[in-house]
Amino acid sequence: MIPISFTLNGSVVKVVAPPDKPLLWVLRDDLNLTGTKYSCGKGLCGACTIHLNGEAVRSCSLPVSAAANASITTIEGLSGHTANELKQAWDTFNVPQCGYCQPGQLMSASALLDKVQKPTDEQIDQAMKGNLCRCGTYQRIKSAIRHVTE
């Protein structure tokens, strides 16, 4: 167990945890931020996507030690004009079905739009390919992202 400090959703936090403990479990169990979801546990499905220094990463396979002195954003802290536009578009296009993958989908979409204001279809597909949706709302997700960029 070691103390690890990082900025979480704009506030500095300090946790004491084993350095190899997945960040997902620190967020959910130690910091009570349950918006980030657990699914595959291997970084393959994207349900656990967060931002690490603005990059979309899988928190289930990222050790908490990687967060030391970094800036972490979870779905609870996702804010700003683009994020708000995305959330609105998610509602407009009825994206969520069961909703389980949606936090990860929004985090990946937000990371893309923070870097590329008008992504091509290929760039959207590339950015979102690691986020699986068992309900199959991929076209709605893509429509919502495109809507924000128009």
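Condition first: among the hydrophobic types (A, V, I, L, M, F, W, C), out of contact with any helix residue (DSSP H, G or I) (no Cβ under 9 Å at 6 or more places or on another chain) and under 18 Å from L78 (Cβ atoms). Now tell me which residues in segment 28-52 satisfy that.
Taking segment 28-52 and keeping what is among the hydrophobic types (A, V, I, L, M, F, W, C), we get 31, 33, 40, 44-45, 47-48, 50, 52.
Among the residues that remain, those that are also out of contact with any helix residue (DSSP H, G or I) (no Cβ under 9 Å at 6 or more places or on another chain) are: 31, 40, 44.
Across segment 28-52, the qualifying residue is only L31.
Just a yes or no: is a residue in segment 5-21 modelled with pLDDT of 95 or more, at positive phi and either among the basic types (K, R) or within 13 Å of the chain's Cα centre (by Cα) (or both)? Explain how you work it out, then say what you get.
In the first step, residues of segment 5-21 are kept if they are modelled with pLDDT of 95 or more; the result is 5-21.
Still in the running and at positive phi: 9-10.
Then drop every residue that is not either among the basic types (K, R) or within 13 Å of the chain's Cα centre (by Cα) (or both), which leaves 9.
Yes, because at least one residue in segment 5-21 is modelled with pLDDT of 95 or more, at positive phi and either among the basic types (K, R) or within 13 Å of the chain's Cα centre (by Cα) (or both).
Write out, first by first residue and then by second, each pair whose Cβ atoms fall under 6 Å of each other, whose residues are 6+ apart or on separate chains, and whose first residue, in segment 130-141, is outside any helix (DSSP H, G or I) while the second is surrounded by fewer than 19 Cβ atoms within 10 Å (Cβ to Cβ).
Sorted first by the residue in segment 130-141, then by its partner, the pairs are C135/Q97; C135/C98; T137/Q97.
Of K14, K37, K42, which residue is among the basic types (K, R) and assigned to a strand (DSSP E or B)?
Working: K37 fails: assigned to a strand (DSSP E or B); K42 fails: assigned to a strand (DSSP E or B).
From the options K14, K37, K42, the qualifying one is K14.
Mind listing whichever residues of segment 17-34 are charged (D, E, K, R) and either assigned to a loop (DSSP other than H, G, I, E, B) or out of contact with any strand residue (DSSP E or B) (no Cβ under 9 Å at 6 or more places or on another chain) (or both)? Show your work before the answer.
First, pick out the residues of segment 17-34 that are charged (D, E, K, R): 20-21, 28-30.
Hits for segment 17-34 are D20, K21, R28, D29.
Taking segment 60-73 only, how many residues are open to solvent by less than 30 Å² (accessible area, probe 1.4 Å) and in contact with a Gly (Cβ under 7 Å, 6 or more places away or on another chain)?
Looking only at that region, the number is 1.
Go through segment 87-109 and report how many residues are touching a residue at least 40 places away in the same chain (Cβ under 8 Å) and under 8 Å from the mean Cα position of the chain (by Cα).
Within segment 87-109, the subset touching a residue at least 40 places away in the same chain (Cβ under 8 Å) is 89-90, 92-97, 100-101, 103-105, 107-108.
Those left that are additionally under 8 Å from the mean Cα position of the chain (by Cα): 103-105, 107-108.
Residues that pass the stated criteria total 5.
Take the residues of segment 1-11 that are in a strand (DSSP E or B) and of a type outside the set (S, T, Y): which is farthest from G80 (Cα to Cα)? Spell out the reasoning first.
Pass one, segment 1-11, residues in a strand (DSSP E or B): 2-8, 11.
Keeping just the survivors that are of a type outside the set (S, T, Y) gives 2-4, 6, 8.
Working: I2: 33, P3: 30, I4: 27, F6: 20, L8: 15 Å.
Here the answer is I2.
Which one of these does V57 not meet: (1) free of Cβ contacts under 8 Å to residues at least 12 places away in the same chain; (2) open to solvent by 40 Å² or more (accessible area, probe 1.4 Å)?
The number of the failed condition is (2).
Sort out which residues of segment 45-70 are closer than 19 Å to S11 by Cβ, within 13 Å of the chain's Cα centre (by Cα) and not in a loop (DSSP other than H, G, I, E, B), and write them in order of number.
I50, H51, L52
To keep it simple, each residue is scored yes or no on (1) in a helix (DSSP H, G or I); (2) touching a helix residue (DSSP H, G or I) at 6+ places or on another chain (Cβ under 9 Å); (3) among the aliphatic types (A, V, I, L, M); (4) over 23 Å from L33 (Cβ atoms).
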residue	(1), (2), (3), (4)
I72	no, yes, yes, no
N84	yes, no, no, no
K87	yes, yes, no, no
W90	yes, yes, no, no
V95	no, yes, yes, no
L113	yes, yes, yes, no
H147	yes, yes, no, yes
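With the checklist (1) among the polar types (S, T, N, Q); (2) open to solvent by less than 70 Å² (accessible area, probe 1.4 Å); (3) over 22 Å from S61 (Cα atoms) in hand, flag the one item Q105 doesn't pass.
Status for Q105: all satisfied but (3).
The values are calculated or read from the model by the stated rules, or taken from the named source; none is laboratory data. Treat the numbers as computed from the prediction; the structure is a model and nothing was measured. A quick note on method: Cβ atoms are made from the backbone with ideal geometry, for glycine too, and the neighbour counts reach across all protein chains shown. Heavy atoms of the whole protein, side chains included, go into the accessibility calculation; ligands, DNA and RNA do not. Shrake-Rupley method; radii C 1.70, N 1.55, O 1.52, S 1.80 Å.
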